[in-house]
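Just below is one structure, and these are the notes that go with it.
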Amino acid sequence: MGREDKLKKEIKKLKEKLSLMSKILKHVSEGVLIVDKEGIIRGANEAFFKITGLGREGVYGKSLSELDFKWEGYPSFNEVRDILLSEGVWRGEVWGVSRGGSPFTAETTLVKADEENYIAIFLDSTDKRSLEASLRSLAYYDALTGLPNRALLYDHLSQFLFQAKNENKKLAVVFFDIDNFKLINDTLGHEVGDSLLKAFAHRLTSHFPPNTMVARFGSDEFVVVLESIAGIDDVEEVVSGFINSVTTPFFIEGQKIYVTVTAGISLYPIDGGDPQTLLRNADIAMHHAKELGKSSFKFFTNELNLKVSERFTLQAELRDALEREEFVLYYQPQFELRTNTIVGVEALIRWHHPDRGVILPGRFMHVAEETDLIVPLGYWVLRRACEDGRRLVENGFPLKVAVNISAKQISEEDFLEKLRDILNATGFDPNLLEVEITESVLMKNKQQAARVLRELKKMGISIAIDDFGTSYSSLNYLKYFPVDKLKIDRSFIGDVISDPNDVAIATTIIAIAHNLGLKATAEGVETEEQLIFLKLWQCDEAQGFYFSPPITLDSFIDMLRNENFKIKGV
């Protein structure tokens, strides 16, 4: 074979290799660029144009530095070329925008091919980065409102605290809660509720300066972080301003919706130095603000924290108190004012705590309500009161025994069945039992309450409305329920001699009771002047420290025996 033939054969092999390489480059998914050592583009495959969305006329013969690419970690291609010349390879991400305006991302490798040329390989990562962005959005942003969620709040608050510590600055964490949001959801539907949350979030972010951290913390809970505050007055002003702005109704799906909001505030550094503590303390303050009424706000204090700590301690101890038989019933006599005779007693629970002594119900009954311990505790009270009532009868004192019933008890489907079992087990006459129920209990489930009260009446049990006048202003509900007695709350009796408003309320309740054929009983009578007032206005019955404080059953029986009280049994 001659030299010419050998050369032709080599040329043929080279063409075949080039053809093969061309086919490979045409079909691979990675974009490939051939650039010289000056960065001038000498060739590109189809995948490169597909990934970047660029046209050939804007690529061939141009330098990579002329393309509007962003090179990870470097301001321009010139710095990347310096790395190439010294190290022979560069790896990183490249960002750009196609002719159509769509962004793209590519994981890129630039490597030295020979003394004159470099190869750039582009792996499309646009979808990957888009997916990562979507996942990040799901992980750190609330899907409904688009606000940062709890996770992102904790992350940013940690950064804010780090900066505040280094720069010796103060910040505030404000915890907002929409009042009665569950009622809106239940009455108007979840779609309206969701729309309201979005509108509320928009109003919240609009109220505070741009770039303020506003996050959705829970269902109807939102948190705002105020950085670099000058003082408490500034925080008060901006928080009260937003609370007032919420009084303007929201227009949701063609209807006006009025809401109120309650807020709790904690301050860095006095109320905590980490996100968890500041958020917890703001939450504590918010819940105490709710006790002040709607549209309120409260700053956190150590006293609030002590109250919460005590509440948690009581919750834990309450669970064991029933088993340890630490609860006892005291009894306060009820007097018929016309005849000055004892006509009944009210059973009042006390907790004989092994370390704290006697604890009054005002300190633990709300905790029992929160933990659902109110139900077993309520049945214990019923059973013990019936047992004690039977003892009174056996000792010759057939008096009515009044027992308070909670909302959760009366809502139980088997409440009547359990009550009958207690009456049968104790042998107590149902005609001697009086059930006391508050207005709020009746209104939570009118149909269930009306059904239960009708059955109680059939059994011979009397029914009293406790704390009358402190809850619902509408008297309409009285005609729905078979009630025997209205009890005037002690808050209307304390200043009845000096306060015209209390005079008007007390006398009105007595008049309402009499016009409906019911009895009126006054609670909290402590002075002779109060007693004279009640007799003057023909109140039927009264109880309070003027007559007797709550006492044990044995003490009450001794009192009846030794002091010759007149009683009026059933």
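The values are calculated or read from the model by the stated rules, or taken from the named source; none is laboratory data. Just so you know, these numbers come straight off a predicted model, no measurement behind them. We place every Cβ from the backbone using ideal geometry, glycine too, and count neighbours over all the protein chains shown.
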Legend entry - Odd one out for LEU54 among (1) under 55 Å from the mean Cα position of the chain (by Cα); (2) loosely packed, with under 15 Cβ neighbours inside 10 Å: (2)
Legend entry - region 491-530, residues that are crowded, with 16+ Cβ neighbours inside 10 Å and hydroxyl-bearing (Ser, Thr, Tyr): THR507, THR521
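Taking region 82-106, which residues are outside any strand (DSSP E or B) and either modelled with pLDDT under 80 or small (Gly, Ala, Ser) (or both)?
Listed by number, the residues that qualify are LEU84, LEU85, SER86, GLY88, SER98, ARG99, GLY100, GLY101, SER102.
SER406: under 22 Å from ILE488 (Cβ atoms), assigned by TED's automatic domain parsing to the domain that holds ARG490 and touching a Phe, Trp or Tyr at 6+ places or on another chain (Cβ under 8 Å), yes or no?
Numbers: under 22 Å from ILE488 (Cβ atoms): yes; assigned by TED's automatic domain parsing to the domain that holds ARG490: yes; touching a Phe, Trp or Tyr at 6+ places or on another chain (Cβ under 8 Å): no.
Taking the combined requirement at face value, the residue does not satisfy it.
Given the criterion over 21 Å from ALA151 (Cα atoms) and touching a Ser or Thr at 6+ places or on another chain (Cβ under 9 Å), identify the matching residue among ILE243, ILE270.
That would be ILE243, the only listed residue that is over 21 Å from ALA151 (Cα atoms) and touching a Ser or Thr at 6+ places or on another chain (Cβ under 9 Å).
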Inset, instruction - Please tell me if SER76 is more than 15 Å from PHE122 (Cα to Cα), assigned by TED's automatic domain parsing to the domain that holds ILE119, surrounded by 15 or more Cβ atoms within 10 Å (Cβ to Cβ) and in contact with a helix residue (DSSP H, G or I) (Cβ under 9 Å, 6 or more places away or on another chain). - result: no
Inset, instruction - For LEU292, state whether it is over 27 Å from ASP155 (Cβ atoms) and either surrounded by 13 or more Cβ atoms within 10 Å (Cβ to Cβ) or in the same structural domain as GLY193 (by TED's automatic domain parsing) (or both). - result: yes
Inset, instruction - Go through region 372-385 and give me each residue that's modelled with pLDDT under 90 and surrounded by fewer than 16 Cβ atoms within 10 Å (Cβ to Cβ). - result: ASP372
Legend entry - Top-ranked residue in region 133-165 [being aromatic (Phe, Trp, Tyr) and under 23 Å from PRO103 (Cβ atoms); ranked as modelled with the lowest pLDDT]: TYR140
Legend entry - Residue within region 378-392 that is within 33 Å of the chain's Cα centre (by Cα) and farther than 30 Å from ILE510 by Cβ present: yes
Legend entry - Long-range neighbours under 9 Å by Cβ, at least six apart or interchain, first residue under 17 Å from ARG350 (Cβ atoms) within region 313-326, second in a helix (DSSP H, G or I) and β-branched (Val, Ile, Thr): LEU314/VAL367; LEU318/VAL367; LEU318/THR371
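Among the candidates THR248, THR277, single out the residue that is exposed (fewer than 14 other Cβ atoms within 10 Å of the Cβ) and modelled with pLDDT of 90 or more.
THR248 is the lone residue from the list that is exposed (fewer than 14 other Cβ atoms within 10 Å of the Cβ) and modelled with pLDDT of 90 or more.
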Legend entry - Subset of region 251-274 [free of Cβ contacts under 8 Å to residues at least 24 places away in the same chain and surrounded by 14 or more Cβ atoms within 10 Å (Cβ to Cβ)]: GLY272
Inset, instruction - For LEU392, state whether it is in the same structural domain as GLU523 (by TED's automatic domain parsing) and more than 25 Å from VAL452 (Cα to Cα). - result: yes
Inset, instruction - Kindly indicate whether any position in region 300-312 is within 24 Å of LEU153 (Cα to Cα), touching a residue at least 40 places away in the same chain (Cβ under 8 Å) and either surrounded by 18 or more Cβ atoms within 10 Å (Cβ to Cβ) or not assigned by TED's automatic domain parsing to the domain that holds ALA151 (or both). - result: no
Legend entry - Residues that are under 16 Å from LEU33 (Cβ atoms) and in contact (Cβ under 8 Å) with a residue 40 or more places away in the chain, drawn from region 59-91: LEU64, ARG81
Legend entry - Tally of residues being surrounded by fewer than 17 Cβ atoms within 10 Å (Cβ to Cβ) and more than 36 Å from the chain's Cα centre (by Cα) across region 399-425: 4
